[in-house]
Every structure is written in structure tokens, then in C-alpha cells.
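The values are calculated or read from the model by the stated rules, or taken from the named source; none is laboratory data. It should be emphasised that the depicted structure is a prediction, and the values quoted were computed from it without experimental measurement. We place every Cβ from the backbone using ideal geometry, glycine too, and count neighbours over all the protein chains shown. Quick note on the areas: whole protein, heavy atoms, side chains included, nothing else; ligands and nucleic acids left out. Shrake-Rupley method; radii C 1.70, N 1.55, O 1.52, S 1.80 Å.
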Amino acid sequence: GAKAYLIGGWVSPPKFPNDTEGTFLAAVDVFDLQQETAAEASWQLPEPLRRAFTAVVMDENIVLLGGLGVGSSNFELLASVTQINPMTGFTNEISTLPFPTFAPAAGVLGKELMVFGGLLKTSREDFEYVAHTYAMNTESLVWQHTGRSLQETKGFAQVVPFSGGLAVLGGHHTYVDRDAPVNTFAFLCRYC
């Protein structure tokens, strides 16, 4: 409706010397766009607490996908997909992602929940951006690779509806020795 939800994340200052995890947040803040007021929701983020995930609205529910869970000093990537009813706070887990990831992008196209890119853990301390495009049919709840990939590997992108499809905007990519913003966008439509 006319409400924006601030869900998850973390406060990064250390809780004690050498703490690299910080504090994960469970409280959910709600901003009413009509009244221009903010308040804490009557419900909290369910376990696992997470950051660096993506969220999308699907059938009037908020869906959280992937992310980094508590224990992120070791970068515990999540494959969980959590559906939340924002009116009641009721949650349920639906089909897990095909692989644990953080910083993916997501959008809904027709009856499909789409996930684009993200980061994949390749060793204890190494990650790589991916170009995968997966879709989950919202009726069968089965994930499948779409057979399409992004132009370049990326994470932290934003998905917006565009011209009957979805545009995957921005994001980050590893360029030789540095992580930097991308200068491309991708477009996906149902009948292209």
C-alpha cells in the first residue's frame, strides 16, 4: 500500500575488541507515506537475522532473498527465501534459492519471482559476482535457470518495472583489482 518498510541490516561498530560482525537488527521500521510518520512495526524480522539481502513485494507480501546471516564474520551466506505478511508479521519459508548468495537483485514478472546476480562464495575469504538469472514460478515454487544471463557479473543491483518487463539497474562488479559500480543495465521481458 502506502507504506515503506525498513527491514534487517546491521550496525557495524564493534561490540568488543576485534569484533568484525557488529549488531544485526531485528526491529522493523514502517514509514507511512500518506501520514509522513515512522513507527516500529508490531513484529520483528524472523530468524535468521540478515543483512545484504534483497527484498521484493509479491502478492502483497514482502519476500526476503539470500543475504548474510549472523556469523557473518565468516560470511555465512544464506539461500533462504522468507515471505512476510506486513499486516500481521506472519512469516513462512518458501523454496530456497538454488545457491547461497548475498547482494542479489530481485523482481516479479507475471507469475515468476526473478533473481539476478549476487555474490557466490568460492573459498573461505573469496567471493565472485555471478551473472545468473533464476526464476521461481509462484505456483509451483520451483526455481529454474532462465537460460539467460546478465551482460556482466554483478551484485547490489536494483530491479524496477520497465516497459512490460524488468530493468536491472546499477550494481557492482569486480574489475581486476577493485570493486566498482557497473555502467550497464539489463532488460528482461516476458515475450522478448
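Which one of Ala55, Ala26, Ala4 is hydrophobic (A, V, I, L, M, F, W, C), within 24 Å of Thr138 (Cβ to Cβ) and in contact with a Leu (Cβ under 6 Å, 6 or more places away or on another chain)?
Of Ala55, Ala26, Ala4, the one residue that is hydrophobic (A, V, I, L, M, F, W, C), within 24 Å of Thr138 (Cβ to Cβ) and in contact with a Leu (Cβ under 6 Å, 6 or more places away or on another chain) is Ala55.
On the given criteria, is Leu188 in a strand (DSSP E or B), over 16 Å from the mean Cα position of the chain (by Cα) and crowded, with 17+ Cβ neighbours inside 10 Å?
yes
So how many residues does region 158-180 have that are over 18 Å from Pro98 (Cβ atoms) and either within 16 Å of the chain's Cα centre (by Cα) or open to solvent by 90 Å² or more (accessible area, probe 1.4 Å) (or both)?
Counting residues in region 158-180 that are over 18 Å from Pro98 (Cβ atoms) and either within 16 Å of the chain's Cα centre (by Cα) or open to solvent by 90 Å² or more (accessible area, probe 1.4 Å) (or both) gives 14.
Please list, ordered by first then second residue, the pairs with beta carbon atoms under 9 Å, 6 or more apart or interchain, first in region 146-171 and part of a strand (DSSP E or B), second open to solvent by less than 70 Å² (accessible area, probe 1.4 Å) and charged (D, E, K, R).
Val168/Lys154
Would it be correct to say that Gln151 is over 16 Å from the mean Cα position of the chain (by Cα) and open to solvent by 50 Å² or more (accessible area, probe 1.4 Å)?
When the stated conditions are applied, Gln151 passes them.
Residue by residue through region 1-43, note down the ones that are assigned to a strand (DSSP E or B), open to solvent by 60 Å² or more (accessible area, probe 1.4 Å) and within 25 Å of Gly107 (Cα to Cα).
Lys3, Tyr5, Leu6, Trp10, Asp29, Phe31
Going through region 59-74 one residue at a time, which ones are surrounded by fewer than 17 Cβ atoms within 10 Å (Cβ to Cβ) and either touching a Ser or Thr at 6+ places or on another chain (Cβ under 6 Å) or more than 16 Å from Leu25 (Cα to Cα) (or both)?
Once the filter is applied, which keeps residues that are surrounded by fewer than 17 Cβ atoms within 10 Å (Cβ to Cβ) and either touching a Ser or Thr at 6+ places or on another chain (Cβ under 6 Å) or more than 16 Å from Leu25 (Cα to Cα) (or both), region 59-74 yields Asp59, Glu60, Ser73, Asn74.
The conditions are (1) of a type in the set (A, V, I, L, M); (2) touching a residue at least 60 places away in the same chain (Cβ under 8 Å); (3) open to solvent by 60 Å² or more (accessible area, probe 1.4 Å), and Met87 fails exactly one of them. Which is it?
Status for Met87: all satisfied but (2).
Mind checking which residues of region 172-185 are touching a strand residue (DSSP E or B) at 6+ places or on another chain (Cβ under 7 Å), under 19 Å from Leu120 (Cβ atoms), part of a strand (DSSP E or B) and not charged (D, E, K, R)?
Selection gives His172, His173, Thr174, Ala180.
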